[in-house]
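One structure is given below, encoded as structure tokens.
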Amino acid sequence: MADIHESGEDYLEAILRIEAEKGKVRSIDVAKKLGVSKPSVSRAMGILVEHGYLSIPNSGNLELTEKGRETANKIYARHILLTNFLVKITGVSVEQAEENACRIEHDIDEDVRNGIRAWMEKNSCSECSKRGDIESSICYKALDCSKNVKK
């Protein structure tokens, strides 16, 4: 992910999430989700196309390439992991944890992410651990997980 910056990661994550919600992604959807102007989205999409993360076929919809999807999935997994971790250790709401995860997800090292993941695997409730999804879905029971933590 060295050839894109934080804003590029934000765009890829937004495209992935919009696609999951709506199926098709348009520039206006990305602008609304990120609270940016359409010209900003157009410029960012050009950069993502140039670096092979995105294609824009004749339909005008935004489509992640294989490289783009792989990168977006990694970014979103990091976002989910950090959100779950912040809820678990601080007791803040999912919404507040997500806002903070968005700010720090671009700056943590891989070894720090791996450490958080290992801690979460050890300290998640049996339901979350059984599903093995600490990086694929937000645990809305994270505040209650401490009652069911694996020893």
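The values are calculated or read from the model by the stated rules, or taken from the named source; none is laboratory data. Everything numeric in this text was worked out from a predicted model, so none of it was measured. For neighbour counting, all protein chains shown are included, and Cβ atoms are generated from backbone atoms with ideal geometry for every residue, glycine included. The area values use the complete protein model at the heavy-atom level, side chains included, leaving out ligands, DNA and RNA. Shrake-Rupley method; radii C 1.70, N 1.55, O 1.52, S 1.80 Å.
Descriptive notes on the structure:
- A count restricted to the stretch 1-13 and to residues that are of a type in the set (A, V, I, L, M), touching a helix residue (DSSP H, G or I) at 6+ places or on another chain (Cβ under 8 Å) and modelled with pLDDT under 95 stands at 2.
- Test: residue in the stretch 58-71 that is within 24 Å of residue 99 (Cβ to Cβ) and part of a helix (DSSP H, G or I): yes
- Filter result for residue 97 (modelled with pLDDT under 90, out of contact with any Gly (no Cβ under 9 Å at 6 or more places or on another chain), closer than 18 Å to residue 120 by Cβ and part of a helix (DSSP H, G or I)): no
To keep it simple, each residue is scored yes or no on (1) modelled with pLDDT of 85 or more; (2) open to solvent by 80 Å² or more (accessible area, probe 1.4 Å); (3) acidic (Asp, Glu).
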site	(1), (2), (3)
103	yes, yes, no
110	yes, yes, yes
115	yes, no, no
134	no, no, no
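- Test: residue in the stretch 65-83 that is closer than 17 Å to residue 27 by Cα, of a type in the set (S, T, N, Q) and open to solvent by 20 Å² or more (accessible area, probe 1.4 Å): yes
- Residues (open to solvent by 10 Å² or more (accessible area, probe 1.4 Å) and among the aliphatic types (A, V, I, L, M)) located in the stretch 1-30: 1, 2, 4, 16, 20, 28
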